[in-house]
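Peer 1: Please find one structure pasted underneath; my questions will follow.
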Amino acid sequence: MPKDGIGASPKRREDVRFLTGKGRYTDDINLNGQLYVHFLRADVAHATINSIDTSAAEGMPGVAHVFTSKDFEAVGGLPCGWQVTDKHGQPMQEPKHPIIAEGKIRHVGEIVAAVVADTLGNARDAAEAIELDLTELPAVIDMKKAVQDGATKVHDDLTSNLCYDWGFVEENKAAVDEAFEKASHVTTLELVNNRLVANPMEPRVAVGDYAQHDDSSTLYTTSQNPHVIRLLMGAFVLGIPEHKLRVVAPDVGGGFGTKIFHYAEEAFCTFAAKQLRRPVKWTSSRSEAFMSDAHGRDHVSKIQIALDADNNFTALRTETYANMGAYLSTFAPSVPTWLHGTLMAGNYRTPLIYVNVKAVFTNTVPVDAYRGAGRPEATYQLERCVDKCARELGVDPAELRRQNFIKPDQFPYATPVAVEYDTGNYHATLDKALELADVAGFDARAAESKARGKLRGLGISNYIEACGIAPSNLVGQLGARAGLYESATVRVNATGGIVVMTGSHSHGQGHETTFPQVIADMIGIDASQVEIVHGDTANTPMGMGTYGSRSLAVGGSAMFRATEKIINKAKKIAAHLLEASETDIELKDGQFSVSGTDKSVAWGDVTLAAYVPHNYPLDSIEPGLEETAFYDPANFTYPSGTYICEVEVDEGTGKVDVLNFTAADDFGNVVNPMIVEGQVHGGVGQGIGQAMLENCAYDEDGQLLSASYMDYAMPRASDIPMITVDHSCQTPCTHNPLGVKGCGEAGAIGSPPALVNAVLDALNRNGHAVDHIDMPLSPSRVWSAMNS
Amino acid sequence: MYNFEFVKPSSVDEAVAALRDEDAQPLSGGQTLIPTMKQRLNQPSKLVSLTGIADLVGVSSSGGVLSVGGATPHATVAAEAGDYPALAALAGQIGDPAVRNRGTIGGSLANNDPAACYPSAALASGATIVTNAREIAADDYFQGMFTTALDEGEIITGVKFPIPQAANYQKFEQPASRFALTGVFVAKYADGVRVAVTGASNDGVFRWTEAEEALSANFSPNAISGLTVASDDMISDLHGSAAYRANLVKVLTGRAVAACA
Ligand SMILES: Cc1cc2nc3c(=O)[nH]c(=O)nc-3n(C[C@H](O)[C@H](O)[C@H](O)COP(=O)(O)OP(=O)(O)OC[C@H]3O[C@@H](n4cnc5c(N)ncnc54)[C@H](O)[C@@H]3O)c2cc1C
């Protein structure tokens, strides 16, 4: 048996580096002769720029150059990676997304000018000497007002603030409406999915460098996908071919989606370094992060479920306003559509579904994918609405769900919203969660809470997600402008050690620990024999990076395929060494043996032969042992599960305490249970943040009210209860070689509705008839709901 | 941050002299001042550190009065103000360990943030704010949000708290900053009860006199059950409406009284 193969939980090897201060983050990179950029950012949400006078700033000490949009006239705007087609078959409206504001400011935080100087202090001093002449315009903040006739336009060259009006599946709309007419019960719920700021611990950083001798550029950046940045920035913005552009994303301290996108600051530093012939560095302050990192969520939705007289769901329809912010961030248009509408069936057999999404431009920071991306928004609507429905009907919310579940024998199951779930067993995770959460004992616990003057409630939520993103041919049809395969090169060294160059990127996921476990298992060697290299376009094959719970399902599968090729070739070499037929060679525990004999040769001897090919079949195979595979998934993967939590509400103040949390997930096969549990913990932590604490709020002038940690409430350790995580319900994915589904986003997807359902349960059980409270369930909101 | 001069005197007199320069400012724990300087919202020409002045640091108790030096960190008060347990408990709930190890009582009272904790203790205790020039009764000292009776260049050298028979501070945390969204300090003395409220009012820390009267007559949570708190002057923001804060004033006062029992 190999040490630390699949199913083992070795400690994360990268943690030794991180915990001893040996991590190498982008901000740790300082190049000779480096300059620093300070961005002058808009402090108003909407204005015409009449003039920018940089002359005084140019003359300030240490200033190399003050850049404005004029310097970028020959450069493209930031590209959008996904084109959504609206319900009339028309492409979405796609405004230019300039590196530096051109003529108009469209959100607080937008870059208006950039000062590059020898020190950051000098750059900041000079920025204060820039004279801006602005004419302020009314800000467009509220999405529903933004799409009214006559509303101020965010982009003058577009016909309105509507990016697209998407209907899905448009052909089903009439049938859905008809089902609603025939329904014996309809539950309607209007809700807001609150805007969030991802707040990774490491803020964004970019260092641009240029080598005049070979006309090549290098960008060091905090990215989840360096190859994607190289392609987007090189091909669409700066016009640098791939072989002259290297993008390095070294250790990255958390991404949560917000480090997927190609940002203006990255292009700026790369461009400015070439202009000035000196490295240019930008390190985001936390204040800048709040107004320049793409935000998440921000949907306003109305959902309706129709039921027949037996409480079967017969139809579902939703109408969502999705905030795009002022510009289209890299994957923004796909989030409320293909990552949201396709999940509206949830875990249920609802035969008829219609989803309408209006994506709207506003004078706010662009919104894009954040942990879960579209799937949390779908799950939240559905699981809140099902819960409300159960209350209206007076039935047990768990049983209403169970009754409508897709049954275990119905897989593969084609939903009415275009996706086919390969496997699942929703009954199993529900039963498991009900048992682990001791739901049977809830009444006694509620009575005990009541004796202490507290209102106790229990909330349930199911979730389904589409992960392992994504089949390239399918997403191409849906408007993606990129493929979504993954790559791996497996390089075996002469003495048997292995290096895997992967296009996946680890920024907290622990790939350096889990990926070797897979190879250890396949070959039968210790995981310590395998090293993972990622994050540098110069030494990894073209890959699409890490997001959408895809790394193991897609990147791991590429590595699996490459390792299969390695094993096949190694067997040929072993057959030669053992003077046997290749078909008789077996690999087990790092030994190649001839079946039915005691003849064998060790892994290390075979690898040595590959590089010292003295006794080697050179006429039929090449020396060396290195293989590359690209893996393009056949379908999404569909992790699912049931989450249950209990809360206590303090009636006097509205304060909610989350007492416990139970997660029963089906992630298919699990490579490293400890890491999977950690991913669920983190996701649930962020779900608690969204449901209870986090609120990115603008005032009507477009000023960001929650622009620092003084007003933006992040979850802290004391806000998170002990979390029970179970992943024993496993229906392995049928279409990838590892049978894995992905676990990175589940916690953030499944937890918010469970939490909100629990609070509403606590209120309704105790005489407060409250239908809904919008997230975050701050004390003041909960108290107001009880007292209105 | 802009450039500034830095001096660290060892006596109050030297500090007062150093503060005569234009735009000179005292620096105590720096927990408020340094962040505003980093954001370039504040541009002192000179910082006069108070933490090197031995006389300004420490806690002592005699004759029913607890005295705290102006540059005493919150952590020291939490650890050493055992004769006034409610005050020690308040200090122990300010911010996080880093803030408590650096932030000081003088800095907090000089700043008079409407959501700060100490102002409620000082006002509810009828404390005396001692400066290099005079003694100021708490009732005269707090003059609205971020506004105090201090003159330019005047330094808080200490605070004298009469020790009550019973006291309690109820802090309801603003979820993000964990300052007081509303905090109520109740202190019971032989001659009556004082109730001071922080975090709630547009006018900064204030005394809830109706509750003081009711509680002076009957020191029990029921005594205030018939009272209402007007929400007219209450703060309304992202974290709570005026009506919500008015509710907290009453709920927290009741809980503080109950905790005194
Ligand atoms: C993360 C965080 C959380 C916090 N949480 C809380 C909380 O929960 N409750 C709470 O009450 N506070 C809280 N604070 C504020 C903290 O208590 C600060 O210590 C306090 O506000 C200022 O004290 P300081 O000694 O740091 O003053 P400084 O920052 O040094 O000075 C503040 C101001 O007072 C002036 N000053 C300082 N000392 C004197 C003096 N002796 N005489 C005259 N003027 C003086 C300075 O010139 C400056 O204008 C928090 C702060 C932070 C950073």
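Peer 1: Which one is most open to solvent (accessible area, probe 1.4 Å) among residues in region B:1-29 that are away from chain A (no Cβ under 14 Å) and of a type in the set (Ser, Thr, Tyr)?
Peer 2: Going through the qualifying residues, I end up with B:Ser10.
Peer 1: Just give me the residues in region B:155-187 being away from chain A (no Cβ under 14 Å) and surrounded by fewer than 19 Cβ atoms within 10 Å (Cβ to Cβ), in sequence order.
Peer 2: Correct list: B:Lys160, B:Pro162, B:Gln165, B:Ala166.
Peer 1: Has region A:641-650 got at least one residue that is surrounded by fewer than 20 Cβ atoms within 10 Å (Cβ to Cβ), assigned by TED's automatic domain parsing to the domain that holds A:Pro412 and modelled with pLDDT of 95 or more?
Peer 2: For region A:641-650, residues surrounded by fewer than 20 Cβ atoms within 10 Å (Cβ to Cβ), assigned by TED's automatic domain parsing to the domain that holds A:Pro412 and modelled with pLDDT of 95 or more: present.
Peer 1: Kindly indicate the residue of region B:50-72 that is open to solvent by 20 Å² or more (accessible area, probe 1.4 Å) and more than 26 Å from B:Arg194 (Cβ to Cβ) and also nearest to the ligand (Cβ to nearest atom) among those meeting that condition.
Peer 2: The selected residue is B:Thr51.
Peer 1: Look at region B:138-151 and say how many of its residues are without any contact (Cβ under 8 Å) to a residue 24 or more places away in the chain and either within 13 Å of the ligand (Cβ to nearest atom) or in a strand (DSSP E or B) (or both).
Peer 2: 2
Peer 1: Can you tell me which of (1) among the hydroxyl-bearing types (Ser, Thr, Tyr); (2) open to solvent by less than 50 Å² (accessible area, probe 1.4 Å); (3) within 13 Å of the ligand (Cβ to nearest atom) is the one B:Thr32 doesn't meet?
Peer 2: Unmet for B:Thr32, out of (1) among the hydroxyl-bearing types (Ser, Thr, Tyr); (2) open to solvent by less than 50 Å² (accessible area, probe 1.4 Å); (3) within 13 Å of the ligand (Cβ to nearest atom): (2).
Peer 1: Related question: Cβ-Cβ below 7 Å, separation at least six or inter-chain, first residue in region A:418-440 and in the same structural domain as A:Gly459 (by TED's automatic domain parsing), second of a type in the set (Lys, Arg): which pairs?
Peer 2: A:His427/A:Arg402; A:Leu430/A:Arg401; A:Leu430/A:Arg402
Peer 1: Only residues in region A:633-645 that are over 15 Å from A:Leu339 (Cβ atoms) count as the first member; pair them with residues that are assigned to a strand (DSSP E or B) and of a type in the set (Asp, Glu), Cβ under 6 angstrom, at least 6 apart or cross-chain, and list the lot.
Peer 2: A:Ser640/A:Asp666; A:Gly641/A:Asp665; A:Gly641/A:Asp666
Peer 1: Given the criterion in contact (Cβ under 8 Å) with a residue 24 or more places away in the chain, open to solvent by 10 Å² or more (accessible area, probe 1.4 Å) and under 30 Å from A:Asp43 (Cβ atoms), identify the matching residue among A:Tyr321, A:Tyr354.
Peer 2: A:Tyr321
Peer 1: Ok, one more. Residues of region A:143-171 being assigned to a helix (DSSP H, G or I) and modelled with pLDDT under 95, which ones?
Peer 2: A:Glu170, A:Glu171
Peer 1: Of the numbered conditions (1) modelled with pLDDT under 95; (2) surrounded by fewer than 21 Cβ atoms within 10 Å (Cβ to Cβ); (3) of a type in the set (Phe, Trp, Tyr), A:Tyr616 satisfies every one except a single condition; which is it?
Peer 2: (1)
Peer 1: Determine, yes or no, whether A:Cys696 is within 22 Å of the chain's Cα centre (by Cα), in contact (Cβ under 8 Å) with a residue 40 or more places away in the chain and within 14 Å of another protein chain (Cβ to nearest Cβ).
Peer 2: In short, yes.
Peer 1: Which is open to solvent by less than 20 Å² (accessible area, probe 1.4 Å) and of a type outside the set (A, V, I, L, M, F, W, C), of A:His38, A:His46? Working first, answer last.
Peer 2: Numbers: A:His38 fails: open to solvent by less than 20 Å² (accessible area, probe 1.4 Å).
Sole residue among the options that is open to solvent by less than 20 Å² (accessible area, probe 1.4 Å) and of a type outside the set (A, V, I, L, M, F, W, C): A:His46.
Peer 1: With A:Thr662, A:Thr731 as the choices, which residue is in contact with a Leu (Cβ under 9 Å, 6 or more places away or on another chain) and either more than 15 Å from A:Pro776 (Cβ to Cβ) or assigned to a loop (DSSP other than H, G, I, E, B) (or both)?
Peer 2: Of the residues listed, the single one that is in contact with a Leu (Cβ under 9 Å, 6 or more places away or on another chain) and either more than 15 Å from A:Pro776 (Cβ to Cβ) or assigned to a loop (DSSP other than H, G, I, E, B) (or both) is A:Thr662.
Peer 1: Quick one: which of A:Ala418, A:Ala451 is among the hydrophobic types (A, V, I, L, M, F, W, C) and at pLDDT below 95?
Peer 2: From the options A:Ala418, A:Ala451, the qualifying one is A:Ala418.
Peer 1: Please determine whether any residue of region A:214-228 is assigned to a loop (DSSP other than H, G, I, E, B) and of a type in the set (A, V, I, L, M, F, W, C).
Peer 2: no
Peer 1: Further question: Checking the conditions here, which among A:Ala713, A:Ala691 is more than 9 Å from chain B (Cβ to nearest Cβ) and closer than 20 Å to A:Phe256 by Cα?
Peer 2: A:Ala691
Peer 1: Just give me the residues in region B:104-121 being more than 7 Å from the ligand (Cβ to nearest atom), in contact (Cβ under 8 Å) with a residue 60 or more places away in the chain and away from chain A (no Cβ under 14 Å), in sequence order.
Peer 2: Within region B:104-121, B:Asn112, B:Pro119, B:Ser120, B:Ala121 meet the criteria.
Peer 1: Go through region B:204-241 and give me each residue that's open to solvent by 40 Å² or more (accessible area, probe 1.4 Å) and of a type in the set (Phe, Trp, Tyr).
Peer 2: B:Phe206, B:Phe219
Peer 1: Can you list the strands (runs of 3 or more DSSP E) found entirely within region B:160-242 that contain at least 2 residues being touching a Cys at 6+ places or on another chain (Cβ under 8 Å)?
Peer 2: Where strands (runs of 3 or more DSSP E) fall fully within region B:160-242 and carry at least 2 residues being touching a Cys at 6+ places or on another chain (Cβ under 8 Å), they are B:166-173, B:180-189.
Peer 1: Is at least one residue of region A:102-109 open to solvent by 60 Å² or more (accessible area, probe 1.4 Å) and away from chain B (no Cβ under 14 Å)? It would help to see each step written out before you state the result.
Peer 2: Let us first name the residues in region A:102-109 that are open to solvent by 60 Å² or more (accessible area, probe 1.4 Å), namely A:102.
Checking the rest, the ones that are also away from chain B (no Cβ under 14 Å) come to A:102.
Yes - at least one qualifying residue is present in region A:102-109.
Peer 1: Please go through region B:222-251 and give me each residue that is within 8 Å of chain A (Cβ to nearest Cβ) and touching a residue at least 24 places away in the same chain (Cβ under 8 Å), ordered by number.
Peer 2: B:His239, B:Gly240, B:Leu248
Peer 1: Restricting attention to region B:87-103, and to residues there that are within 24 Å of B:Ala137 (Cα to Cα) and either surrounded by fewer than 23 Cβ atoms within 10 Å (Cβ to Cβ) or not aliphatic (A, V, I, L, M) (or both), which single residue is nearest to the ligand (Cβ to nearest atom)?
Peer 2: Step one: list which residues in region B:87-103 are within 24 Å of B:Ala137 (Cα to Cα), which gives B:87-91, B:94, B:103.
If we keep only those that are either surrounded by fewer than 23 Cβ atoms within 10 Å (Cβ to Cβ) or not aliphatic (A, V, I, L, M) (or both) too, we end up with B:88-89, B:103.
Working: B:Ala88: 14, B:Ala89: 13, B:Gly103: 2 Å.
Among them, the one singled out is B:Gly103.
Peer 1: Return the residues of region A:696-726 that are open to solvent by less than 30 Å² (accessible area, probe 1.4 Å), of a type outside the set (A, V, I, L, M, F, W, C) and touching a strand residue (DSSP E or B) at 6+ places or on another chain (Cβ under 8 Å); say none if nothing qualifies.
Peer 2: Correct list: A:Pro721, A:Asp726.
Peer 1: Turning to a different aspect of this structure: What about A:Asn225, is it polar (S, T, N, Q), surrounded by fewer than 24 Cβ atoms within 10 Å (Cβ to Cβ) and touching a residue at least 60 places away in the same chain (Cβ under 8 Å)?
Peer 2: No, not satisfied.
Peer 1: Right, something else. In region B:173-196, is there at least one residue being within 11 Å of the ligand (Cβ to nearest atom) and farther than 14 Å from B:Asp113 by Cα?
Peer 2: Looking for residues that are within 11 Å of the ligand (Cβ to nearest atom) and farther than 14 Å from B:Asp113 by Cα, one finds at least one in region B:173-196, hence yes.
Peer 1: Right, here's the next one. Only one residue in A:Lys569, A:Lys565 is over 29 Å from A:Gly23 (Cβ atoms), open to solvent by less than 40 Å² (accessible area, probe 1.4 Å) and not hydroxyl-bearing (Ser, Thr, Tyr). Which one?
Peer 2: Among A:Lys569, A:Lys565, only A:Lys569 is over 29 Å from A:Gly23 (Cβ atoms), open to solvent by less than 40 Å² (accessible area, probe 1.4 Å) and not hydroxyl-bearing (Ser, Thr, Tyr).
Peer 1: Restricting to region B:15-29, name every residue that is away from the ligand (no atom under 12 Å from the Cβ) and touching a residue at least 12 places away in the same chain (Cβ under 8 Å).
Peer 2: Selection gives B:Ala18, B:Arg20, B:Asp21, B:Glu22.
The values are calculated or read from the model by the stated rules, or taken from the named source; none is laboratory data. Because the structure is predicted, anything quoted here is derived from the model rather than measured. Neighbour counts run over all protein chains shown; Cβ positions are idealised from the backbone, glycine included. Just the protein is used for accessible areas: all its heavy atoms, side chains included, with ligands, DNA and RNA removed. Shrake-Rupley method; radii C 1.70, N 1.55, O 1.52, S 1.80 Å.
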